[in-house]
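Heads up: the structure comes next, in structure tokens.
The values are calculated or read from the model by the stated rules, or taken from the named source; none is laboratory data. Because the structure is predicted, anything quoted here is derived from the model rather than measured. Please note: Cβ atoms are built from the backbone with ideal geometry, for glycine as well, and neighbour counts cover all protein chains shown.
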């Protein structure tokens, strides 16, 4: 083996273009097959004798065809890149060396490994190929897989190509049958010429798994016949342990990240979907914990009935709106009922399950934001209990939208309409009567709550508006149409008075 290594040391990887095959195509050594084919199709149009009248056209054309015939074949191109020879012959005199470390190996393989590089919109898959020993092939696959892990995922095509490439590299890359059959047969002849009959026989045995095509089978049978003649019928040669089966630390180092990949994807899916926030339905009974005296709670249902006694059917004292805040004043033997006092000072009993912990203001804001609905149109009537023939001009010169309510003197809303910022509208269909006018301004109106979520301010006019019947024979043009402004006006006979937003939101 020392003599073989010495002879091979001069056979390191050919980094030049000794026969000019790449240069005649206008390429650099190591160009891939697609580039070679494209360069040939482009070049052949100019050097073909039928189109080029030059005296050297025929010679250049033959050189071009020769270069393309060698470079388009993976096996002959690999041999040319490695040794500078143009074709692989069965009687090669020197053994092939590893393309990476340059040493002779008894089990060479022609290996193709791939890597993927993505750039948001596209992904490019390239390959590294050559004749390798097992150690150098492992290093090549690890380098390619590491580059793919780092740069392969960042596009939609990359998401599809990267797992495929990683699994292929995990299994040692691709081992083309034709190229490896010719390589092993040639390597066997080289070892046979050096007098190492046992390794030659072992290489011939390994070549059998790649020699599926009839021409390759014929070459292998000729090799086996030569070995048999040289070693004798009794010499079978020792079997080499196959070092190319996926195993060892390199295999484990590439396998573990792939095994962890489903767990990582599952973690990202859980973060995105947040299944722990999904409500879980159950048919089990709800355990109700009795409220403690002094606790502040809020109503979680619509129109909660406050009763005089802790039992169904007891007289109702008042109704509480959702999110109304109450204070717990007493418990009792029955945890299903709680004694409370409202903000208005009314005391009574309500069902414990209808009360949630804490003040209702924060929960009301969240609920109102979640139930905003579509933004009302200019002049849209949001509430109308009675209709009539009267009109009212409303000016909103401010930067915030407005909601105007006409309420009876007892606080019942007769009509409510929407006035966006900078709009001037005429409210139609106002019934006869005497009304108190209240309005609120703000941003992000919530249809679910009837209030503005942000910057809400409520006001009321210190005067009442009277709408009276005018006979059909009277001229309406003689009277002045009543009008109001939602912003302060210099010299106005009245100024809007601020009021509690909760009082404004209450219709009754």
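For segment 138-160, which positions are touching a strand residue (DSSP E or B) at 6+ places or on another chain (Cβ under 7 Å) and part of a helix (DSSP H, G or I)? Lay out the reasoning, then the answer.
Start the filter on segment 138-160 by keeping residues that are touching a strand residue (DSSP E or B) at 6+ places or on another chain (Cβ under 7 Å), which leaves 140-141, 144, 147-148, 151-155, 157-158.
Matches in segment 138-160: 140, 141, 144, 147, 148, 151, 157, 158.
Only one of the listed residues (149, 154) is closer than 15 Å to residue 255 by Cα and surrounded by fewer than 22 Cβ atoms within 10 Å (Cβ to Cβ). That residue is 149.
The residues of segment 104-129 that are farther than 19 Å from residue 152 by Cβ and either surrounded by fewer than 19 Cβ atoms within 10 Å (Cβ to Cβ) or free of Cβ contacts under 8 Å to residues at least 60 places away in the same chain (or both), listed by number, are 105, 107. Condition check for residue 237 on (1) under 53 Å from the mean Cα position of the chain (by Cα); (2) surrounded by 15 or more Cβ atoms within 10 Å (Cβ to Cβ); (3) at pLDDT below 85: one failure, at (1).
In segment 399-414, the qualifying residues are those that are over 51 Å from the mean Cα position of the chain (by Cα) and assigned to a strand (DSSP E or B), and the one that is surrounded by the most Cβ atoms within 10 Å (Cβ to Cβ) is 406. All conditions but one from (1) more than 45 Å from the chain's Cα centre (by Cα); (2) part of a loop (DSSP other than H, G, I, E, B); (3) closer than 24 Å to residue 251 by Cβ apply to residue 172; the one that does not is (1).
Residue 428: assigned to a strand (DSSP E or B), at pLDDT below 90, in contact with a strand residue (DSSP E or B) (Cβ under 7 Å, 6 or more places away or on another chain) and under 15 Å from residue 506 (Cα atoms), yes or no? It is false that residue 428 is assigned to a strand (DSSP E or B), at pLDDT below 90, in contact with a strand residue (DSSP E or B) (Cβ under 7 Å, 6 or more places away or on another chain) and under 15 Å from residue 506 (Cα atoms).
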